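Bear in mind these aren't lab numbers, they're just calculated from the coordinates by the rules spelled out. Everything numeric in this text was worked out from a predicted model, so none of it was measured. FYI the Cβ positions are ideal-geometry reconstructions off the backbone, even for glycines, and counts take in every protein chain you see.
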Amino acid sequence: MGEPARKTDRRYTYRDYRSWPDDERWELIDGVAWNMSPAPVRRHQGILTEILTQLLPYLKGKPCKAYAAPFDVLLPERPDQAEDEVSTVVQPDISVVCDLSRLTDRGCTGAPDLVVEILSPHTARKDMEVKRALYERHGVHEYWIVDPGNRFVQAYVLREDGHYPEEPTLYLADADLPSVVLADFTLQLPLIFRE
């Protein structure tokens, strides 16, 4: 598994992040800048599109909204932390936000209710280890990691103690994945992995 380039020379904030060139894509995790991979491959985008195709009709008329990357999700360490001082800004492939007070003109401040990351060789390790710990710490209720190469989804659901289970629930390509956060929504994985 590859790992994206990082800037570790100092602690970066959202103020720094907003000053970087528009043609560069970065995420900040605890003040470390992670270079995002080049434009995702066609298969990645096909999976993302299919997930949104299933999600959007379900969300119509409901209080939750879904957003695809690039979409800034700021994860402050404290509720009163100034936006410019936030040191964690990520761009999940898909963010579903049900507390609409968290939405701003720039994106979302605070944990989305559901996050979906689609693995690529360049970001797999970060998504499975670094972001898993980050999303757990910030209270993302449900986290799906889609593995296109192995054709399965790892699903983490936050327990009452505020932690994800050690082992995710694994859904293979021929299964349906019921959401815990989105009542009565089931992601049909055969459609996700049909290519």
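Assorted remarks:
- Under Karplus coefficients 6.51, -1.76 and 1.60, residue-wise ³J(HN,Hα) of region 178-195 in Hz, glycine/proline x: x, 7, 8, 6, 9, 3, 6, 9, 10, 7, 8, 5, x, 6, 5, 9, 5, 6
- Averaging over all projection directions, the Cα-based convex hull of region 40-192 occupies 9.1 nm² in the image plane.
- Subtracting the Cα-Cα distance of residue 35 and residue 137 from their residue separation scaled by 0.36 nm leaves 34.5 nm.
- Lone cysteines, the chain (no partner Cβ under 4.7 Å): 108
- Taking the centroid of alpha carbons for each part, region 64-78 and region 93-107 are 5 Å apart.
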